[in-house]
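All remarks here apply to the structure that follows.
The values are calculated or read from the model by the stated rules, or taken from the named source; none is laboratory data. The structure presented is a predicted model; accordingly, all values stated were derived computationally and were not measured. Every residue, glycine as well, gets a Cβ built from its backbone with ideal geometry; the counts of neighbours run over all protein chains shown.
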Amino acid sequence: MTDAQMGLSMATPVITVFAIALYRLGVLQRTGAVAAVLAAIAIAVGQFLQKVI
């Protein structure tokens with residue numbers, strides 16, 4: 001596992017938790033929270049698939 005993959009595997013859950021927390025506090029709209037979570041997941045999946053392909 002590369003350093004980038006390790007970092008993404010730690011950062012993706014943190015981004016998800018922060019997005020949900022900010023949404024629950026009313027700071028972030030639902031579309032913003034969903035966009036942040038989906039972008040983080042898409043980048044992580046892309047990074048892992050890049051190694052496989």
Just a yes or no: is a residue in the stretch 35-42 closer than 21 Å to Met1 by Cβ and over 9 Å from the mean Cα position of the chain (by Cα)? no
From Phe48, Phe18, residue being modelled with pLDDT under 90 and assigned to a helix (DSSP H, G or I): Phe48
Would you please list the contacts, defined by Cβ atoms under 6 Å and residues six or more apart or on different chains, that run from a residue in the stretch 2-24 that is within 13 Å of Leu38 (Cα to Cα) to a residue that is at pLDDT 90 or above? Thr12/Ala40; Ile15/Ala40; Thr16/Val37; Ala19/Ala33; Ala19/Ala36; Ala19/Val37
